[in-house]
Amino acid sequence: MKGEVFYGKGMQYIKEDNPDLYEALVELNEVVYNGKSLDYKTQKLIAIGIAASKSDELATQKQMKSSIEELDTTKDEIMDVLRVVLLTSGAPAFNQGVRILKSL
């Protein structure tokens, strides 16, 4: 379920005030998550890693939650992603990601 799920706080305003821009973003989302070479679950795990590495708590939580609910992603799979975050982004981002994962 890729659909029209955007986590940015301003997306509702874009949808209301700039529907043409919003539709372009929906189309871009479909193009990016096309599953051409990597399946959607793998792409979603990458998105979790990116959000976690930026220490974006809300985006990390929403990406993890939707991946678990929509794609049956296991907590062990997400933990593998967080291990890469530890190596590439450090302990603070890793620890925050683990805390978020444990809260789900």
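The values are calculated or read from the model by the stated rules, or taken from the named source; none is laboratory data. Computed from a predicted structure; not experimentally measured. When we count neighbours, we look across all protein chains shown, and the Cβ atoms used for this are built from the backbone with ideal geometry, even at glycine. Calculation scope for accessible area: heavy atoms of the full protein, side chains included, ligands and nucleic acids excluded. Shrake-Rupley method; radii C 1.70, N 1.55, O 1.52, S 1.80 Å.
Of note:
- Surface share of carbon and sulfur [accessible, 1.4 angstrom probe, percent] for the chain: 56 percent
- Ranking GLY90, ILE100, TYR40 by how far each Cα lies toward the positive end of the dipole of the chain (charges on Cβ) leaves GLY90 at the top.
- Rg(Cα)/(2.2 N^0.38 Å) for the chain, N = residue count: 1.12
- Simple Cβ-charge dipole of the chain, Lys/Arg +1 and Asp/Glu -1, about Cα centre, in debye nearest 20: 540 debye
- Each residue of the stretch 45-57 was assigned a 3J(HN,Hα) from its phi angle through the Karplus curve 6.51 cos²θ - 1.76 cosθ + 1.60 (θ = phi - 60°); the sequence is 5, 5, 4, 4, x, 5, 4, 5, 5, 8, 6, 8, 4 Hz, with glycine and proline shown as x.
- Of MET64, MET79, the residue with the largest accessible area leads and the full order is MET79, MET64 (1.4 Å probe).
- Averaged over its residues, the chain has an accessible area of 63 Å² per residue, based on protein heavy atoms and a 1.4 Å probe.
- For the stretch 80-89, 3J(HN,Hα) per residue [Karplus equation, 6.51 cos²θ - 1.76 cosθ + 1.60, θ = phi - 60°, Hz, x = Gly/Pro]: 4, 5, 5, 4, 5, 4, 4, 5, 9, 10
- Using a probe of 1.4 Å on the protein chains alone, the accessible area found for SER103 is around 90 Å².
- Of the residues TYR40, TYR22, TYR13, the one with the largest accessible area comes first in the ranking TYR13, TYR40, TYR22, computed with a 1.4 Å probe on protein heavy atoms.
- Alpha-carbon centroids, the stretch 15-36 and the stretch 43-62: separation in whole Å: 19 Å
- Taking trypsin sites (Lys or Arg not before Pro) in DSSP loop states with no more than 16 other Cβ atoms inside 10 Å as exposed sites, the chain has its longest site-free stretch at 55-104.
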